[in-house]
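Written out below as structure tokens is the structure these notes cover.
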Amino acid sequence: MSASNGAPANIDLSVDIGGVTLTNPTIAASGCYNRGAEFGRVVDISAYGAITLKSVTREPRLGNAMPRIALTPAGMLNAIGLEGPGIDYFVAHEAPKLSSVPTVVIASAAGFTVGEFVDVASAIDGLPGVAAIELDVSCPNVDSEGECFAVDPRTTDAVVAAVKRRVKLPVIAKLTPNVADIRPIARAAEEAGADAISLVNSLRAMAIDVERARPTLANGTGGLTGPAIRPVAVYQVWESAQTVRIPIIGMGGIETGRDALELMMAGASAVAIGTANFRDPLVAAHVRDAIAEEARRRGFASVRALTGLANPGFAGKRWPADRRPQRLGVSR
Ligand SMILES: Cc1cc2nc3c(=O)[nH]c(=O)nc-3n(C[C@H](O)[C@H](O)[C@H](O)COP(=O)(O)O)c2cc1C
């Protein structure tokens, strides 16, 4: 039996992310629906439990030179360079349209210093129609030779703690996969007061145009997204879920319900979809319905029961005390 939205009836699809209730666990990842309002005319955004807006910076930015997109065998490379009109324009011209977006809106703040994050997040805090703020701590830190904030627990802590002191909305820390060990970073975000973490952002990568003997992207390097990075995302969600108790939004290469279930069973409470939107505008509805169907098939009343199902060390501690966290063995 199906509910009117195509999902199986009698399954509770709702999830809680840091105090924000989503009607279903699918989220549009930042960067794939720009800043929101215009897309309602093209696709049914309400299929998503939430939409995350393209990250906003303090100053206007033109972004990187073209080409800044390249296809890869199992995904794509991008080096957009955080193009956008800046926070003042966003507040004056784009934010007023957000109340008409037919799902929960998560705004995204980016910055190149702790102060920029605080300024952008403070300006977003309290805007009508915005339910939470995601911090793109995967940005380069200009005070640290351009190293990402989220490669170091101390700089992750500095951004999240400073923003938490200034805003009332729930804060989600968006982590980078470009680290050897995600656990200290996830822990730092939680201890600094993040209400949730999301991972993964794009994986640093590049391609060479062999004909012209130079990098394919004008920027040289870019971020790899799409199915190629999904196993990295599954692993890092798994590790994070054994480390923190705050909800995790898992993402990286989700194209189907099965892909989303991998991330949920590793420990994600919700899943975000980015690159797949460019190919399939209906991907959210398909993924949502497949998650609900899996819950039904297993006899669960709620999709929340799928979170951490494959992860005995899931810090949510739904597992019996005698089941010790399973450490992964050496794989070489
Ligand atoms: C074109 C493009 C632009 C993106 N812009 C942002 C951004 O502004 N802020 C951010 O936090 N993540 C950004 N991302 C990363 C995605 O939100 C997501 O973390 C990543 O693409 C992995 O998910 P996917 O494999 O489903 O695309 C962008 C991704 C793409 C492909």
Checklist entry - Summing Lys, Arg as +1 and Asp, Glu as -1, what charge do residues with Cβ under 14 Å from the Cβ of Ala290 carry, Ala290 excluded? => result -2
Item to check | With 5 Å bins from 0: P(r) over the stretch 221-316, alpha-carbon pairs, percent | outcome: 3, 15, 25, 23, 18, 11, 3, 1, 0, 0
Item to check | GluC sites (Glu not before Pro) restricted to DSSP loop in the stretch 125-191 with at most 14 other C-beta within 10 Å | outcome: Glu145
Checklist entry - For the residues Ile11, Ile106, what sequence is obtained by ranking on other C-beta atoms within 10 Å, fewest first? => result Ile11, Ile106
Checklist entry - Who wins for biggest fluctuation among Asn201, Asn24, Asn34 in a Gaussian network model of the chain, springs between alpha carbons below 10 Å? => result Asn34
Item to check | Signed unit charges on C-beta, dipole axis of the chain, positive-most listed residue Met264, Gly274, Ala310 | outcome: Ala310
Checklist entry - Picking from Pro60, Pro25, Pro247, which is most flexible by a Gaussian network model of the chain using Cα springs under 10 Å? => result Pro60
Item to check | Spatial separation of Cα centroids for the stretch 89-107 and the stretch 130-168, in angstrom | outcome: 22
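Once you charge only the Cβ atoms, +1 for Lys and Arg and -1 for Asp and Glu, what is the size of the charge dipole of the stretch 81-137 about its Cα centre, to the nearest 20 debye?
It works out to roughly 220 debye.
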Checklist entry - Can you list the GluC sites (Glu not before Pro) in the stretch 216-288 that are in a DSSP coil and have 13 or fewer other beta carbons within 10 angstrom? => result none
Next on the checklist: Whole angstrom only: what separates the Cα centroid of the stretch 246-308 from the Cα centroid of the stretch 7-37?
Outcome noted: 10
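Please say if the stretch 13-85 is rounded, prolate or oblate, where rounded means a/c under 1.5 for a ≥ b ≥ c the square roots of the C-alpha gyration tensor eigenvalues, and otherwise the choice is prolate for a/b larger than b/c and oblate otherwise?
prolate
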Item to check | Most mobile of Met265, Met66, Met76 in a GNM of the chain (Cα contacts under 10 Å) | outcome: Met66
Checklist outcome for this item: Rounded to the angstrom and largest first, Cα extents along the principal axes for the stretch 15-306 equal 53, 48, 41
Checklist outcome for this item: Cβ density ranking, 10 Å radius, fewest first, applied to Arg279, Arg35, Arg187, Arg166 yields Arg279, Arg166, Arg187, Arg35
Checklist entry - Hey, what number do you get for the chain at 222 nm if only DSSP H runs of n ≥ 4 count, each worth -39500 (n - 2.57), divided across all residues, to the nearest 500? => result -7000 deg cm²/dmol
Checklist entry - Got a sec? How would Lys168, Lys97, Lys54 order by Cβ neighbour count within 10 Å, fewest to most? => result Lys168, Lys97, Lys54
Next on the checklist: Pairs on different chains or at least eight residues apart, Cα atoms closer than 24 Å: how many lysine pairs in the chain fit?
Outcome noted: 7
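The numbers here are math on the coordinates, done by the rules we state, and not lab data. Here the structure is a predicted model, which means the values were calculated and not measured. Glycine also receives a Cβ, built like all others from the backbone with ideal geometry; neighbour counts cover every protein chain displayed.
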